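Enquirer: Encoded as structure tokens, here's the structure I'll be asking about.
The values are calculated or read from the model by the stated rules, or taken from the named source; none is laboratory data. Note that the coordinates shown come from a computational prediction; the quantities given were computed from them, not determined experimentally. As a convention, Cβ positions derive from the backbone with ideal geometry for all residues, glycine included, and neighbour counts pool all protein chains shown. Calculation scope for accessible area: heavy atoms of the full protein, side chains included, ligands and nucleic acids excluded. Shrake-Rupley method; radii C 1.70, N 1.55, O 1.52, S 1.80 Å.
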Amino acid sequence: ARSLNLTPGMTPPPAGAAPAAGRAGPEATTPAMDVAVDRVRVENGVVDFSDLSLVLPFAAKVEEFNGTVTGISTNPAGAAALALEGKVGEFGLARVDGTLKPFQPKVHTAIGVVFRNVEMVPLSPYTATFAGRRIATGRVSLDLNYKIENSQLAGANGVVLERFALGEEVESPGALKLPYDLAIALLTDSDGRINVAVPVTGNVDDPQFSYGHLIWQAIATVLRNIVTAPFRALAGLFGGSAENLESIAFDPGRDVLQPPEREKLKRVAEGIAKRPQLILVVEGQTGDADAAALRERDVAAAIAARLGRAPASGGVPEPVNPLDARAQRAMEALFVERSSGEALSKFVAEIEKTRGKPVDRVNPVLALVGRASPDTAFYQALLRRLNETARVPDEALPRLADARARAIATFMREALSVPRSEERRVGKECRSRW
């Protein structure tokens, strides 16, 4: 039933319950006497804990348990103080300290629980129940601080895992399905440690309140956020801004890394350098804006060639100036070349019909001396039509995507100081898209 066997001993008898033996008549209504225990000392005790509510049975012992509990009292104004510690396994430590009202824990509880260097494999029943996986290896250290004031819980759970790895799957109907291995890889630093904080809050008077469920829900939220936005998680783990870190932006039609994007990649490289178990794959992508930019570049290159202004090898052609006389003549000639003279006449007629006045085309003779047509709107429309109808080779977009991926991989290789012989580690083996 997932109940604690200590609960009946700490629960007051219900109202109207029969009086204790030897108490009858008028004495039965006498208020319970006050109790005050100055100090309870524990020496070389054993705390034997078992949890039968899990998919796999769990049992653990805290041995050599020593310490004191002082100030136990039924006085509502008082609170007991705890200071206890013991040994878990061969090299683990457990420690409890703080204050609480023993008979009114929901009114006030402020307890700190510390575990150090505890072997995790025996905790497999918990991961099997909630995650559907056993624990293969690992040690855990916990700093747990729970405060309850008038039924309001505020808890802070600091968790440090060392050399942690999950093992085989276990059938568990309530297990949450998440890519745990990816989350572990993202969280584990170069020293093999995972350090996370899991805050929890709630109202312990809520009928649906379950502390174990609340803890697991908080952990699941942390893991889900990490695996659904891994690059954002890398930024957060190192105290940086997570804004847009999961994507690298390129100018439309280009494969050059701009300085702001290089800064993003530098931060990703810093995160990956501290998590050597991660493998990054770069996948270049393109979109409609890139196709439009390539069409515009094709037109610009063709007009530049007609004007004798071809760019240097690999360079970007200069933009088309629709106010330039020679550029106006070149646009008309390119339109005729790619369509026909009849198509140009038809386009001119469409423009004239739309705006209700004739088109003033550039004079071929005056264009030789640099006198352009003042009909800027027509030549802007002509340039737009050229850009819209230009054809981009089928291989152009895949080639651009590949060039972008190579630009990122090259930057990352240099930032991580990865030898060329190991470039595949940076370039081809993860499934994160850029």
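Enquirer: Assuming R0 = 35 Å, can you tell me the calculated FRET efficiency for the pair ARG384 and GLU263, based on Cβ-Cβ distance, to the nearest 0.05? Working shown, then result.
Expert: Numbers: r = 35 Å, r/R0 = 1.01.
E(calc), rounded to 0.05, equals 0.50.
Enquirer: Starting at the first residue of segment 95-110, write each ³J(HN,Hα) from the Karplus equation 6.51 cos²θ - 1.76 cosθ + 1.60 with θ = phi - 60°, in whole Hz, x for Gly and Pro.
Expert: So the J values, rounded to whole Hz, are 9, 10, 8, x, 9, 6, 8, x, 9, 9, x, 6, 7, 8, 8, 9.
Enquirer: Here's another thing I want to ask about it. Given a Förster radius of 35 Å and the C-beta distance between GLU270 and GLU149 as r, what FRET efficiency does 1/(1 + (r/R0)^6) yield to the nearest 0.05?
Expert: Working: r = 41 Å, r/R0 = 1.16.
Working from the Cβ atoms, E equals 0.30.
Enquirer: Related question: Run the quick spin-label model on LEU93 and ASN44: label points 7 Å from Cα toward the beta carbon, then report their separation in nm to one decimal.
Expert: 2.2
Enquirer: Next question. Got a sec to turn the phi values of segment 194-204 into Karplus ³J(HN,Hα) couplings, 6.51 cos²θ - 1.76 cosθ + 1.60 with θ = phi - 60°, whole Hz, x for Gly and Pro?
Expert: 10, 10, 9, 10, 10, x, 9, 9, x, 10, 6
Enquirer: Counting alpha carbon pairs within less than 8 Å and at least 6 residues apart, what relative contact order, in whole percent, applies to segment 77-184?
Expert: On the way: 239 pairs, mean separation 24.0, N = 108.
Averaging sequence separation for qualifying contacts and normalising by length gives 22 percent for segment 77-184.
Enquirer: Residue by residue through segment 288-300, which ³J(HN,Hα) values in whole Hz follow from phi under the Karplus form 6.51 cos²θ - 1.76 cosθ + 1.60 (θ = phi - 60°), with glycine and proline marked x?
Expert: With coefficients 6.51, -1.76 and 1.60, one gets 4, 5, 5, 4, 5, 5, 5, 5, 4, 5, 4, 5, 4 Hz.
Enquirer: Within the set LYS61/LYS147; LYS177/LYS274; LYS61/LYS106; LYS61/LYS101; LYS106/LYS177, which residue pairs have Cα atoms separated by over 30 Å? Intermediate results must be reported in sequence, preceding the final value.
Expert: Details: LYS61/LYS147 25 Å; LYS177/LYS274 27 Å; LYS61/LYS106 27 Å; LYS61/LYS101 26 Å; LYS106/LYS177 34 Å.
Listed pairs above 30 Å: LYS106/LYS177.
Enquirer: Starting from the Cα of SER339, move 7 Å in the Cα-to-Cβ direction to define the label point; list residues of segment 373-395 whose amide nitrogen is under 12 Å from there.
Expert: Under cut-off, by backbone N: 381-390.
Enquirer: For segment 36-110, what does the alpha-carbon gyration tensor say about shape, rounded, prolate or oblate, given a ≥ b ≥ c as the root eigenvalues, a/c under 1.5 as rounded, and a/b over b/c as prolate? Before the final figure, lay out each step's value.
Expert: Numbers: a/c = 2.77, a/b = 1.58, b/c = 1.75.
Oblate, because a/c is 1.5 or more while a/b does not exceed b/c.
Enquirer: Okay, moving on. Suppose the chain between ALA156 and GLU414 were pulled fully straight at 0.36 nm per residue; how much longer would it get relative to their current alpha carbon spacing?
Expert: Details: separation 258, 0.36 × 258 = 92.88 nm, distance 3.99 nm.
Extra length from ALA156 to GLU414 when fully extended: 88.9 nm.
Enquirer: In addition: Starting from the Cα of ARG371, move 7 Å in the Cα-to-Cβ direction to define the label point; list residues of segment 328-344 whose amide nitrogen is under 19 Å from there.
Expert: 328-330
Enquirer: Would you mind computing, in nm to one decimal, how far apart the modelled labels at GLU318 and ASP394 are, each placed 7 Å from Cα along Cα→Cβ?
Expert: Going by the 7 Å Cα→Cβ label model, 3.7 nm.
Enquirer: With unit charges on the beta carbons (Lys and Arg positive, Asp and Glu negative) and the dipole taken about the Cα centre of segment 120-215, which residue among ASN150, PHE130, VAL140 sits farthest to the positive side?
Expert: Among ASN150, PHE130, VAL140, the one farthest towards the positive end of the dipole of segment 120-215 is VAL140.
Enquirer: Starting from the Cα of ASP206, move 7 Å in the Cα-to-Cβ direction to define the label point; list residues of segment 154-195 whose amide nitrogen is under 15 Å from there.
Expert: 154-155
Enquirer: Also: Top to bottom by accessible area (1.4 Å), largest first, where do SER339, SER151 land? Write down the numbers at each step before the final one.
Expert: Values: SER339 70, SER151 15 Å².
Heavy-atom accessible area, descending, gives SER339, SER151.
Enquirer: Hey, any idea what % of segment 320-363's accessible area is carbon plus sulfur with a 1.4 Å probe? Numbers along the way, then the final one.
Expert: Details: 1260 of 2580 Å².
Accessible surface attributable to carbon and sulfur in segment 320-363 totals 49 percent.
Enquirer: Compute the distance from the alpha-carbon center of segment 290-358 to that of segment 130-149, in whole Å.
Expert: One Cα centre to the other: 67 Å.
Enquirer: So for the pair ASN66, ALA310, with labels modelled 7 Å out along Cα→Cβ, what separation do we get in nm?
Expert: For ASN66 paired with ALA310, the spin-label model returns 9.0 nm.
Enquirer: Still on this structure, please answer the following. With every protein chain present, what is the per residue accessible area of segment 311-383 (1.4 Å probe, Å²)? Write down the numbers at each step before the final one.
Expert: Values: 4360 Å² over 73 residues.
That works out to 60 Å² for each residue.
Enquirer: Can you tell me, using C-alpha contacts under 8 Å and at least 6 residues apart, the relative contact order of segment 280-382 as a whole percent? Let's see the in-between values first.
Expert: Working: 83 pairs, mean separation 25.8, N = 103.
For segment 280-382, the relative contact order is 25 percent.
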